[in-house]
Amino acid sequence: MPSSAVHRHDVIVIGGGHAGVEAALAAARLGADTLLLSMSCDTVGVMSCNPAIGGVGKGQIVREIDALGGLMGRAIDATGIQFRMLNQSKGPAMHSPRAQADKQDYRRFVKFAVEDAAGVSVRQETVVGLVMSEEEGGRRNEVDGDATPSPSPLPHHRIAGVRVADGTVFHAPAVVLTTGTFMSAVMHTGEAQAKGGRAGEGTTSGLSGALRELGFELSRFKTGTPCRVHGGSVDWAACEPQPGDADPRPFSYLTHRIAQPQVDCYLTETTPAVHDLIRANLHRAPMYSGQIHGTGPRYCPSIEDKVVRFADKSSHQVFLEPEGRDTREVYCNGISTSLPRDVQEELVRGIRGLERARITRLGYAVEYDFAPPTQLKNTLETHRVRGLYFAGQINGTTGYEEAAGQGLLAGANAALAVAGKPPLAIGRDEGYLGVLIDDLVTKGADEPYRMFTSRAEHRLTLRQDNADRRLTPLAAAIGLVGPERTEQLARHEAEIARCEAFLEAHRIEGKTLAERLRRPEVTLESFAELPEWRAERFDPRAAEQAAIGAKYAGYIARQAVEVRKAQRWGAVRIPDGFDFAAVEHLRHEAREKLGSVRPADVGQAGRISGITPADLSVLVVALERAG
Ligand code: FAD
């Protein structure tokens, strides 16, 4: 029976995964009365696959989420069981934090944080339809998956709320959809198929139909997960231990130190016999038998993909990662698979150290609907329906961090729009989150999108160590972070300035310490024995900032010039609803591409593949004429 009570909120978030959680918390931090609806309260904050946060390109995103007041960094600091800074032998632009999580602790931490947050209500509900307002659509619309798709989609709807399984409607002027891998999801283990977005859970089919009826384009991706084995059945002595860092560094700018003891992970590898077994059974792998049509993540391939694509390799690494402190389950990182049960059993036993391993959970692949993200503005609001935002895996991304970052921005923008305030936009030169959103809305995703440092053109300035300096002021200006973070950043900046002044003032053999730092072999450790340096007792994080600033001053200045140049073009805004089809002298292909992506400014227009400098000149003239 639908509830007759009227449920009204400012922002409704659908889905309690990594995107949904950050969306709800961000909206509430901005003062919105926020409702989080998820299929199960028990799965809020669940890590669907790998029990780890961060990694190359992804660790930077977690630092940015934290700098914007998000939860992910604090959650992993509290529940991590092994912390590593990757790429330490490379320059600071490449340093990337990663941590192994206690999976259940992580989920509990996140669930409690959402339940405890002022301004957020959590309810266990499955959303089956979207409710449109009468104002702009011309008629009141309750769009659900059972409805017959309309042949000519209505443009410019405005969202008014959502409808859940028993028919009850929850009203809000802004809705953030973060359904992850759950829309029309099918799981595959060999020939066996089951409906569901994650083992043991259901699927959500109504929403795909509802979105199609509104005229959204949907497409299909797939992802997969490896089997888990019982730790008591692993021959650990045959594997190579992978310890964490001796000085584990936190993700959150609010965490002082990681106090909990760390556990080891272990490394082993596949063998030629395992590869032979996989080749002999490829016809039973859903990806190769034609059973799966969706595209999988190129950078996180299944073991059957790896064996086919890298046919000359006789082994592939397998990291054995504990799923937590109070479980014996071990995640076999590197052998994600959807091969049938009997092949998985044999495959695992062909790996050194796993000869007697007992599988606790089989690997599987999941195929799901996503909405190509060129249908979004850079606020993550859809072009098609005002007030409706998409964030996370629904936008064709893969990974917890990418999902969480989008969630935070979508939730913040939903709350800002409801309050009638300007949106929060992060530039490509300001953060990986800016790169992520711009890539998605400009170029779309023809394979599951994951972040890499190489996607950022300004990566020397977008480092994991300075995310707070880049982004916390932006967040503070709109009230997305509280005084704790702004005061901490002010203290940090003051300490950096004190250290910079010291480096400029002190000389050794005629050269200032800042000048000496420009030499590749000189590091802060080179000054460790200087009595004057020791006497100052600089905070190590501030000293690191001052030293990076001195060492890379030339490069950073050059990058700033490039950024300013790019901004001159980019700054020319394109009004909402601008009619690209009416621009005289614009090539047909350019009209089509601009009309489908609908860039917010000329900078974004220039990044659309196939748009030439000549197209941009024509566009700028047309924009000037339009006034
Ligand atoms: P999710 O974490 O999936 O959360 C979606 C939430 O929405 C869930 O809480 C669900 O209950 C809720 N929901 C869905 N529909 C409704 C509805 N109608 N009403 C109410 N609530 C609803 N990422 C990688 O980077 N590497 C990998 O190797 C990898 N492998 C994966 C393997 C598997 C089997 C799966 C399932 C995922 C894998 N991922 C992997 C992806 C990773 O899990 C996601 O990127 C991440 O969880 C996305 O976060 P999200 O918030 O967008 O969605």
Work out from phi, with θ = phi - 60° and the Karplus expression 6.51 cos²θ - 1.76 cosθ + 1.60, the ³J(HN,Hα) of each residue of region 176-183, listed in order in whole Hz, and give x for Gly and Pro.
-> 10, 9, 9, 8, x, 9, 9, 6
Karplus-derived 3J(HN,Hα), 6.51/-1.76/1.60, for each residue of region 51-66, Hz, glycine and proline x | x, 8, 10, x, x, 5, x, 7, x, 4, 5, 5, 4, 5, 4, 5
For a quick protection proxy, order the peptides 166-172, 30-36, 201-207 by their average other-Cβ count within 10 Å, most packed first.
-> 30-36, 201-207, 166-172
Mind pulling the per residue volume of the convex hull built on the Cα atoms of the chain? Å³ is fine.
-> 179 Å³
Taking every DSSP beta bridge that has both residues in the chain, what percent is antiparallel when rounded to the nearest 5?
-> 70 percent
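Viscosity 1.567 mPa s, temperature 4 °C: Stokes-Einstein D of region 478-627 from its Kirkwood Cα radius, in µm² per second?
In µm²/s, the coefficient rounds to 66.
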Report, by chain and number, residues whose modeled amide H sits under 5 Å from the one on residue 242, excluding near sequence neighbours (fewer than 5 apart, same chain).
-> 265, 266, 267
Please list the non-local residues whose amide H lies under 5 Å from the amide H of residue 157, H modeled 1.01 Å from N, same-chain partners needing a gap of 5 or more.
-> 386
To the nearest 20 debye, what is the magnitude of the charge dipole of the chain about its Cα centre, counting +1 on the Cβ of each Lys and Arg and -1 on the Cβ of each Asp and Glu?
-> 660 debye
Just check region 209-262 against the gyration tensor rule for me: Cα atoms, a ≥ b ≥ c as the square roots of the eigenvalues, rounded for a/c under 1.5, and otherwise prolate or oblate depending on whether a/b exceeds b/c.
-> oblate
About its Cα centre, what dipole magnitude does region 1-74 give when the only charges are +1 on Lys and Arg Cβ and -1 on Asp and Glu Cβ, stated in debye to the nearest 20?
-> 100 debye
Computed on Cα atoms, the radius of gyration and Dmax of region 535-603 in angstrom are 21.4, 69
Would you mind calculating the relative contact order of the chain from Cα pairs under 8 angstrom and at least 6 residues apart, reporting the percent as a whole number?
-> 17 percent
Which distance in Å, rounded to a whole number, links the C-alpha centroids of region 27-68 and region 361-412?
-> 13 Å
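What whole-number volume per residue, in cubic angstrom, does the convex hull of the C-alpha atoms of region 350-404 give?
Taking only Cα atoms, region 350-404 has a hull volume of 138 Å³ per residue.
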Rounded Å value of the spacing that divides the Cα centres of region 565-579 and region 484-544 | 41 Å
Set Lys and Arg Cβ to +1 and Asp and Glu Cβ to -1, take the dipole of the chain about its Cα centre, and tell me which of 494, 561, 124 lies farthest positive.
-> 561
Which shape class applies to region 455-524: rounded if a/c is under 1.5, otherwise prolate when a/b exceeds b/c and oblate if not, where a ≥ b ≥ c are the square roots of the Cα gyration tensor eigenvalues?
-> oblate
Applying the gyration tensor rule to the Cα atoms of region 381-506 (axes a ≥ b ≥ c; rounded if a/c under 1.5, else prolate if a/b exceeds b/c, else oblate), the class is oblate
The correct pair for region 320-458, radius of gyration to one decimal and Dmax as a whole number, both in Å and from Cα atoms, is 19.8, 62
Computed lengthening from residue 327 to residue 118, 0.36 nm per intervening residue step minus Cα-Cα distance | 72.0 nm
Carbon and sulfur atoms: what percent of the 1.4 Å accessible area of the chain do they account for?
-> 51 percent
By per-residue mean of other Cβ atoms within 10 Å, what is the highest-first order of 611-620, 240-249, 427-436, 17-26?
-> 17-26, 427-436, 611-620, 240-249
Which value, in nm² and rounded to one decimal, describes the direction-averaged projected area of the C-alpha convex hull of region 386-431?
-> 3.6 nm²
Can you tell me the order of 535-547, 322-334, 375-387, 60-72 when each peptide is scored by its average per-residue count of other Cβ atoms within 10 angstrom, highest first?
-> 60-72, 375-387, 322-334, 535-547
Cα convex hull volume per residue for region 412-476, in Å³, equals 102 Å³
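Determine the dipole magnitude for region 67-110: charges of +1 sit on the beta-carbon of Lys and Arg, -1 on that of Asp and Glu, nothing else is charged, the reference point is the Cα centre, and the result goes in debye to the nearest 20.
Magnitude of the dipole: close to 100 debye.
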Give the long-range amide H neighbours of residue 122: residues separated by 5 or more places, or on another chain, with amide H under 5 Å away, using H modelled in the peptide plane at 1.01 Å from N.
-> 36
For region 172-325, the Debye formula with one identical point scatterer on each Cα and no solvent gives log10 I(q)/I(0) at q = 0.20 Å⁻¹ as -1.28
Under the Karplus relation with 6.51, -1.76 and 1.60 and θ = phi - 60°, whole-Hz ³J(HN,Hα) for region 273-285, x at Gly and Pro, equal 5, 5, 5, 4, 4, 5, 4, 5, 10, 4, 5, 9, 8
Past 28 Å, Cα to Cα, is the threshold; run 111/443; 58/377; 58/551; 58/222 against it and keep the listed order.
-> 111/443
Determine the distance separating the Cα centre of region 285-341 from the Cα centre of region 199-243; give it in Å without decimals.
-> 11 Å
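The values are calculated or read from the model by the stated rules, or taken from the named source; none is laboratory data. Everything numeric in this text was worked out from a predicted model, so none of it was measured. Cβ coordinates were reconstructed from backbone atoms using ideal geometry, including for glycine residues, and neighbour counts include every protein chain displayed. Ligands, DNA and RNA are stripped out before the accessible areas are found, and what is left, the full protein with its side chains, is counted by its heavy atoms. Shrake-Rupley method; radii C 1.70, N 1.55, O 1.52, S 1.80 Å.
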